[in-house]
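Notes for the one structure printed next.
The values are calculated or read from the model by the stated rules, or taken from the named source; none is laboratory data. All values reported here derive from a predicted model rather than from experimental measurement. FYI the Cβ positions are ideal-geometry reconstructions off the backbone, even for glycines, and counts take in every protein chain you see.
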2 protein chains.
Amino acid sequence: MTDDQPKSITAAAGSEHHRPTIRDVARLAGVSVGTASKALNANGKLKQETRDRVMTVARDIGYRPNDMAQSLHRTRSMTVGILSTDAFGRFTLPIFQALEEEFADRGIAIFMCNATDDPARERQHLDQLLGKRIDGLVVTGRRADKRPSVGPLPPNLPVIYVYAQSDDPEAVALLPDDEGGARLATAHLIALGRTRIAHISGPERFDAVQQRRRGYQSALAAAGLAEMPDFFVSGPWSEAWGREAVEQLYDGRAAPPDALFCGNDQIGRGAIDALRERGVSVPDQVAVIGFDNWAVMAEAARPPLSSIDMNLNALGHEAGRLLINMISGEKAHGIRRLPCTLVPRRSTIKESPR
Amino acid sequence: MTDDQPKSITAAAGSEHHRPTIRDVARLAGVSVGTASKALNANGKLKQETRDRVMTVARDIGYRPNDMAQSLHRTRSMTVGILSTDAFGRFTLPIFQALEEEFADRGIAIFMCNATDDPARERQHLDQLLGKRIDGLVVTGRRADKRPSVGPLPPNLPVIYVYAQSDDPEAVALLPDDEGGARLATAHLIALGRTRIAHISGPERFDAVQQRRRGYQSALAAAGLAEMPDFFVSGPWSEAWGREAVEQLYDGRAAPPDALFCGNDQIGRGAIDALRERGVSVPDQVAVIGFDNWAVMAEAARPPLSSIDMNLNALGHEAGRLLINMISGEKAHGIRRLPCTLVPRRSTIKESPR
């Protein structure tokens, strides 16, 4: 670039009688507006000489820093934050993977943060994410209770809770339809002709436990079946509890259950083991279904355990698409529950392929 | 800011007989060098008026775009990339968590990417990460085989493979000491007085399977024990294989094994179930130890399964610290293997607390 070029460029810009815009910078530097924006915002991949040329033109035509700052605000950072509030757990994996796919397909990078039960760490992460000027935020990872909303955040920052709930009823939250999933499981057992269906569930403080119990009760009611006394039992989310619950439900009972709807696959697997060891045939005498469709657990059961899939991968994809739409200006609020799916295996249907 | 200020500032800078630096910009704008850098690099959290003042000073004293670009290169972006090449699997979780803690403590944000068996997606992610000017890169998630190095990358970008290996022997890789872990497991069984120790492992194409077999053999040799013919068997990483392998090792054999070292906890659990169902007492007649210390699997076994912990969380912490040191200029190369730990439970020691 020679010494006299700046003057002629300034004259050219000045002749248009307006404050120079990023379009002027782009045109005079011989680059696209996108490239000019990248150079001015010091991001993106550019040759050094391109970056230099754009910066020189910008300075020379008097493209003002506050214009530059405004263009920063108009320009998306093409980054989103994912804040996990319950470590990187088994349930959040398929959600991460789906979010990652949705965002990567659109050239959006993900900042990943974790703040397990640590409000100070969470605040630190949020400050950092806001400093990086994220375009949107996903909060994921805790379902037992509604959590306080993250924040304070800029009012226009799109935020989605996935597999997590905020105590703000307006907050956008995507959750599996636990009640619907439980109805599916119970209706499946009813369709097989079972009438004495027990529900072995997890700890009652979990929102999912309450939702699933409602689904179980409503499926029984829809089929005109009475809920048996003592046929709902609650304990830890473990195989040991599944085994213990079978003792409770079968020891010395005249009319024991002919089917078990278990609150998760670990409980279901423990129940199957306990039934087998009591000489009870699954599914002939007792059909068993779990919840979660955790393949490594369900498939290793003998027989393999039928289950309910929460479709967490689909939930993650839906969340990713919704956040992108919200970043583009779509309004959204409140809780959305996505359907679960029945995955039959040989613990309920003898001739099942699985 | 009044009209005559720019001139006096220019004069002030000019009087020092040097090309203006970021320190001049900072001093004249009345901000720290860090704040000036943030404003010039258009990142970090700053008041708009501060950003404007810095940009105005920079332009007015003739702080040159290429100086600005150089300062970009001197300035860290305070971001690192994590590229997972094998989805978000169970083994990568504790590693992510540890990395996240190390980086968060130092105000470094993490870009998370996933590219499972998809070189085009991997290239796209790398371009995006480089466009974000990451300070360093962690590649994680595949152990079966050495993978081609990621790249091409800038020669000075620090890169660490964690729980993954590159085909470049100079590449920095952090791995668990599988051979040492297998020696621990086998020596534990020997210390309990067992002499007929079989090894039920995973698929032979896995590097970990070969490493662990070497550890098993070297522990036997160190104790002066002969390796029995047919006492090494290889199959899938599943409970079903554990059960099947027990049939192979015990059916019609005059002197069957008195201990089993299993290649993972799923195999170990299948083996325990099969032994119990044959009426063989664990650990009295046969002691069983697994590998991975996957709590949900090991603790649900009856009896609970002793195992080897790969300390993946510690591996992640070490990787995080090493990458930070490399970003600060420390040189590193080659493979480092971190020790595994024995976690005894009641499948080997009857009076074990677990």
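Please verify whether region B:95-111 includes one or more residues that are out of contact with any Ser or Thr (no Cβ under 6 Å at 6 or more places or on another chain), closer than 15 Å to A:E100 by Cβ, at pLDDT below 90 and within 12 Å of chain A (Cβ to nearest Cβ). Looking through region B:95-111, at least one residue is out of contact with any Ser or Thr (no Cβ under 6 Å at 6 or more places or on another chain), closer than 15 Å to A:E100 by Cβ, at pLDDT below 90 and within 12 Å of chain A (Cβ to nearest Cβ). Checking each residue in region A:206-238 for being surrounded by 19 or more Cβ atoms within 10 Å (Cβ to Cβ), farther than 17 Å from A:Q266 by Cβ and charged (D, E, K, R) picks out only A:R213. Among the residues of region B:112-125, which ones are within 8 Å of another protein chain (Cβ to nearest Cβ) and either aliphatic (A, V, I, L, M) or surrounded by 21 or more Cβ atoms within 10 Å (Cβ to Cβ) (or both)? Result: B:M112, B:C113, B:N114, B:H125. Sub-7 Å Cβ pairs linking a first residue in region B:102-125 that is in a helix (DSSP H, G or I) to a second residue that is surrounded by fewer than 12 Cβ atoms within 10 Å (Cβ to Cβ), at least 6 apart or interchain, number zero. Checking every residue in region A:274-289 against the condition of being closer than 25 Å to A:R213 by Cα and within 14 Å of chain B (Cβ to nearest Cβ) gives at least one match. Scanning region B:126-137 for residues that are touching a residue at least 40 places away in the same chain (Cβ under 8 Å) and either facing chain A (nearest Cβ under 7 Å) or over 17 Å from the mean Cα position of the chain (by Cα) (or both) turns up B:L126, B:L129, B:K132, B:R133, B:I134, B:D135. Only one of the numbered conditions (1) of a type in the set (G, A, S); (2) touching a Gly at 6+ places or on another chain (Cβ under 7 Å); (3) assigned by TED's automatic domain parsing to the domain that holds A:L93 is violated by A:S166, and that is (2). For the residues A:R302, A:R276, A:R269, A:R346, the requirement of being farther than 24 Å from A:L93 by Cα, of a type outside the set (D, E) and part of a helix (DSSP H, G or I) singles out A:R276.
Being among the polar types (S, T, N, Q) and in contact (Cβ under 8 Å) with a residue 24 or more places away in the chain is the filter; apply it to region A:323-354 and report the residue that is farthest from A:R276 (Cα to Cα).
Keep residues of region A:323-354 that are among the polar types (S, T, N, Q), which gives A:325, A:328, A:341, A:347-348, A:352.
Next, from what is left, pick out any that are in contact (Cβ under 8 Å) with a residue 24 or more places away in the chain: A:341, A:347-348, A:352.
Values: A:T341: 27, A:S347: 11, A:T348: 14, A:S352: 19 Å.
Ranking the candidates gives A:T341 first.
Among the residues of region B:225-233, is any assigned to a loop (DSSP other than H, G, I, E, B), farther than 29 Å from B:I82 by Cβ, of a type in the set (D, E, K, R) and modelled with pLDDT of 95 or more? No, because not a single residue in region B:225-233 is assigned to a loop (DSSP other than H, G, I, E, B), farther than 29 Å from B:I82 by Cβ, of a type in the set (D, E, K, R) and modelled with pLDDT of 95 or more.
When A:E277 is tested against (1) in contact with a Leu (Cβ under 8 Å, 6 or more places away or on another chain); (2) free of Cβ contacts under 8 Å to residues at least 24 places away in the same chain, only condition (1) is not met.
Can you give me the number of residues within region B:186-231 that are of a type in the set (F, W, Y) and farther than 27 Å from B:R147 by Cβ? Full working, then the answer.
First, the residues of region B:186-231 that are of a type in the set (F, W, Y): B:206, B:216, B:231.
Going one step further and asking which of them are farther than 27 Å from B:R147 by Cβ, we end up with B:231.
Counting residues in region B:186-231 that are of a type in the set (F, W, Y) and farther than 27 Å from B:R147 by Cβ gives 1.
Would you please name the residue that is nearest to the other protein chains (Cβ to nearest Cβ), looking only at residues in region B:138-171 that are polar (S, T, N, Q) and over 15 Å from the mean Cα position of the chain (by Cα)? The qualifying residue nearest to the other protein chains (Cβ to nearest Cβ) is B:N156.
Which of the residues spanning region B:20-59 are more than 10 Å from chain A (Cβ to nearest Cβ) and surrounded by fewer than 21 Cβ atoms within 10 Å (Cβ to Cβ)? Listed by number, the residues that qualify are B:T21, B:R23, B:R27, B:G30, B:V31, B:S32, B:V33, B:G34, B:T35, B:K47, B:T50. Pairs meeting the criteria (first residue in region B:292-313 and within 11 Å of another protein chain (Cβ to nearest Cβ), second residue of a type outside the set (V, I, T) and in a strand (DSSP E or B), beta carbons under 8 Å, at least 6 apart or on different chains) are B:W294/B:S307.
Determine which member of the set A:G263, A:G320, A:G316 is touching an Asp or Glu at 6+ places or on another chain (Cβ under 6 Å), buried (at least 22 other Cβ atoms within 10 Å of the Cβ) and either away from chain B (no Cβ under 14 Å) or touching a residue at least 24 places away in the same chain (Cβ under 8 Å) (or both).
Values: A:G263 fails: touching an Asp or Glu at 6+ places or on another chain (Cβ under 6 Å); A:G316 fails: touching an Asp or Glu at 6+ places or on another chain (Cβ under 6 Å).
Only one candidate qualifies: A:G320.
Restricted to region A:239-260, and to residues that are aliphatic (A, V, I, L, M) and within 36 Å of the chain's Cα centre (by Cα), which residue is surrounded by the fewest Cβ atoms within 10 Å (Cβ to Cβ)?
A:A240
Every residue in region A:181-205 that is crowded, with 20+ Cβ neighbours inside 10 Å and outside any helix (DSSP H, G or I), please. A:R194, A:I197, A:A198, A:H199, A:I200, A:S201, A:G202 - these are the residues of region A:181-205 that are crowded, with 20+ Cβ neighbours inside 10 Å and outside any helix (DSSP H, G or I). Take A:L129 and tell me if it is in a helix (DSSP H, G or I), in the same structural domain as A:H317 (by TED's automatic domain parsing) and either crowded, with 18+ Cβ neighbours inside 10 Å or in contact with a strand residue (DSSP E or B) (Cβ under 8 Å, 6 or more places away or on another chain) (or both). The answer is yes for A:L129.
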